[in-house]
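Novice: Here's a structure for you.
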Amino acid sequence: MMVALFGREEIIDLLLKYGADPGVQDAMGNRAATLAAGQGQQALAKKLNAQ
């Protein structure tokens, strides 16, 4: 989730390629897409939501 928070799209692409689940929630109920969107990374949030 931290890579989404910091907008590290190349790492997110790699994680998704190897089967990472973008729907996993943290202890506060946030998903990676929510964290990305909160940091203004709308394209990244859209990519995560599409998975």
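Novice: Restricted to segment 10-51, and to residues that are out of contact with any Leu (no Cβ under 7 Å at 6 or more places or on another chain) and polar (S, T, N, Q), which residue is surrounded by the most Cβ atoms within 10 Å (Cβ to Cβ)?
Specialist: Gln41
Novice: Which residue, of Asn30, Asn49, is among the polar types (S, T, N, Q) and touching a strand residue (DSSP E or B) at 6+ places or on another chain (Cβ under 9 Å)?
Specialist: So the residue among Asn30, Asn49 that is among the polar types (S, T, N, Q) and touching a strand residue (DSSP E or B) at 6+ places or on another chain (Cβ under 9 Å) is Asn49.
Novice: Also, quick follow-up: Need a quick list: helices (runs of 4 or more DSSP H) entirely within the chain having at least 1 residues that are on the phi < 0 side of the Ramachandran plot, of a type in the set (S, T, N, Q) and without any contact (Cβ under 8 Å) to a residue 12 or more places away in the chain.
Specialist: 32-38, 42-50
Read-outs: derived from the displayed coordinates by stated rules, not from any lab. Everything numeric in this text was worked out from a predicted model, so none of it was measured. All Cβ positions, even for glycine, are placed from backbone atoms using ideal geometry, and neighbour counts span all protein chains on display.
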